[in-house]
Amino acid sequence: MLRVLFLLAIHLLHCFALLIASVYAHNQKLDEHHHGAVMVSATIQLRDGKGLPRLGIGTAALRGYGSSVVEEALSYGVMLIDTAQAPEWYSEAEVGRGIESFLAHNDLMSSNQCSYGDIYIVTKIHPRSFERTAMNDALTKSRNLLTRNTKPLDLVLLHSPYCWEGHCTSEQLRHTWQDAWRNLEEQKRDGFLVNHIGVSNFDLPLLQELLQLTTSKANNNGKMTQVTAVQNWCDPFHQDREVRAFLRAQGVQYMAYSTLGSQWLHKDVLQGINPVLTDKTLSRIAATYSVTVAEVVICWALQEGMVVIPRSTNSEHLLLNSFRGRRSSAMNSTNIRNGDLKCFLAPQDMQDIQQLDGTLGVPWD
Ligand SMILES: NC(=O)c1ccc[n+]([C@@H]2O[C@H](COP(=O)([O-])OP(=O)(O)OC[C@H]3O[C@@H](n4cnc5c(N)ncnc54)[C@H](OP(=O)(O)O)[C@@H]3O)[C@@H](O)[C@H]2O)c1
């Protein structure tokens, strides 16, 4: 009996030692990752010397929550707000109220005061406003709603090269994206309503045409392309690599939307399951660093050189997405506006995520 108890005690001690060793190894691995942090500059220096924040928030489908989400994200130091004129999905009025409210409270409460000049506001022109006067009217309204007429809109994109089915009249459909681009360039030159310009939902052939259009014009007056940024769908299963490589070579910044996988939900091809947030590879990587899948995906996009604009109505998620989360010290950044964002993915993780590209297919294309 004594011998059995003795063997049992030895066995328990052995198990305990193994447990301690594995916890130690895990912590050591985390420490290594902390030391191997990848510092990503929080702001991208644009050709004209102005700064484009790399981390922002999206505001699609926030009806009713738009102003509180924007205010909360700004209070966490996220200084880029993405919105659009399309009332089908966005509310510039709510976003504008959120910015205004943040600035009003910030003025009262903080010694580190912000102004409209510190916030980078991105909006998009609906294809129904491609015509010259319609665009001017729509931009005047956006400037009023989003900046309270304090400054030009920081970045204005053509939302889509073509109008979505049933969303434009036949008169509005007569105005092409090429017409719209010329009108937008004119707005940029004027500088009152618009500062930087770009496009969204443009594929490679359209981008080649756009760059040709602006570059040939630019060559005449010796300037570079007018396109500052392109906003396209990009997540681990849809990495838009060809477009990103093309834009990188042209010195145009890529801004990713629906990075956390929402496009798959909208298309409802996977019975309501978000394949990004539930993916095995991403979950394994997240577990290695004791972070969430969303944090892994945001770091992946940042380490790939993109601007990211995740959307959330959940305070804990907003906090994590803004690099203020408590769960992972690897994510904490001392100064989100001017400093670096501390990411953590090792080259092997980046390769593993790269392998996910295209594995779900794009059945509706
Ligand atoms: N140019 C265009 O045509 C276009 C198209 C689509 C989107 N966009 C822009 O891109 C933005 C982002 O894309 P999106 O709105 O499609 O969605 P997304 O950012 O891909 O994903 C949002 C979803 O992720 C969840 N989420 C966010 N943070 C999370 C976290 N830390 N952990 C777990 N879940 C998290 C959110 O749920 P909770 O709310 O519960 O956190 C929400 O369900 C849009 O809001 C919009 O500004 C542009």
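With a sphere of radius 14 Å drawn around the Cβ of VAL230, what net charge do the other residues whose Cβ falls strictly inside it have (Lys, Arg +1; Asp, Glu -1)?
-1
Using packing as a proxy for protection, rank 119-132, 38-51 so that the peptide with the highest average count of other Cβ atoms within 10 Å comes first.
119-132, 38-51
Quick check: residue separation of THR281 and GLN250 times 0.36 nm, minus the Cα distance between them. What number comes out in nm?
7.9 nm
Measure off 7 Å from each Cα along the Cα-to-Cβ vector at SER68 and ASP118, then give the distance between these two points in nanometres to one decimal.
So the label points at SER68 and ASP118 sit 2.4 nm apart.
Can you classify segment 35-75 as rounded, prolate or oblate using the Cα gyration tensor, where a ≥ b ≥ c are the square roots of its eigenvalues, rounded means a/c under 1.5, and otherwise it's prolate if a/b beats b/c and oblate if not?
Oblate.
Using the Cα gyration tensor of segment 149-281, with a ≥ b ≥ c the square roots of its eigenvalues, what is the shape: rounded (a/c below 1.5), prolate (a/b larger than b/c) or oblate (neither)?
It comes out prolate by the Cα gyration axes.
What's the local net charge at PHE202, with K and R +1, D and E -1, over the other residues with C-beta under 14 Å away?
-2
Place a +1 charge on the Cβ of each Lys and Arg in segment 37-354 and a -1 charge on the Cβ of each Asp and Glu, then give the dipole magnitude about the Cα centre in debye, rounded to the nearest 20.
500
Using a Förster radius of 22 Å, what is the FRET efficiency between SER101 and THR140 based on their Cβ-Cβ separation? Nearest 0.05, please.
FRET efficiency, SER101 to THR140: 0.45.
How about LYS188: which aspartates and glutamates have a C-alpha closer than 14 Å to its C-alpha, ignoring those fewer than 8 places off in the same chain?
Once the sequence-local aspartates and glutamates are set aside, what remains near LYS188 is ASP48, ASP154.
What FRET efficiency, computed as 1/(1 + (r/R0)^6) with R0 = 30 Å and r the Cβ-Cβ distance, is obtained for SER315 and GLN271, rounded to the nearest 0.05?
0.60
Largest first, please: the extent of the C-alpha atoms of segment 37-354 along each principal axis, to the nearest Å.
53, 47, 43
Once you put a point 7 Å from the Cα of ARG132 and another 7 Å from the Cα of THR359, both along the Cβ direction, what distance in nm separates them?
Inter-label distance under the simple model: 5.2 nm.
If the cut-off is 12 Å between C-alpha atoms, which aspartates and glutamates fall inside it for LYS342, apart from same-chain ones fewer than 8 positions away?
LYS342 reaches GLU295.
Name the residue from PRO236, GLY272, ILE121 whose Cα lies farthest towards the positive end of the charge dipole of segment 37-354, charges +1 on Cβ of Lys and Arg and -1 on Cβ of Asp and Glu.
Of the options given, the answer is ILE121.
FYI, it's all coordinate maths here, none of it is from the lab. The shown structure was predicted, so the numbers you read here are calculated from the model rather than taken from an experiment. Glycine also receives a Cβ, built like all others from the backbone with ideal geometry; neighbour counts cover every protein chain displayed.
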